[in-house]
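Following: one structure in structure tokens, then a few remarks.
The values are calculated or read from the model by the stated rules, or taken from the named source; none is laboratory data. Worth saying up front: this structure is predicted, and the values here are computed from it rather than measured. Quick reminder, even Gly has a Cβ in these numbers, built from the backbone with ideal geometry, and neighbours come from all protein chains shown.
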Amino acid sequence: MGFWPTYPTVTAILPPEFCRLQEIFTTFYLSKHTGRKLQWQYTLDHCLLKGWLKQK
């Protein structure tokens with residue numbers, strides 16, 4: 001059995017929309033993979049956001 005490296009715990013303040021999507025994915029993932037644990041490592045993540053803003 002292998003072991004994943006440990007990382008320091010980081011508290012991230014995410015927008016409510018992101019939290020909701022994270023919960024949906026967590027529920028989906030754990031329903032497909034019984035016996036596993038999902039732990040979010042925010043220091044290892046990256047994200048690219050693209051948006052369109054209205055002109056005034």
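Of the residues making up the stretch 11-23, one or more are in contact with a Phe, Trp or Tyr (Cβ under 8 Å, 6 or more places away or on another chain) and either at pLDDT 90 or above or among the charged types (D, E, K, R) (or both). Across the stretch 11-48, the number of residues qualifying as in a loop (DSSP other than H, G, I, E, B), of a type outside the set (Gly, Ala, Ser) and surrounded by fewer than 10 Cβ atoms within 10 Å (Cβ to Cβ) comes to 11.
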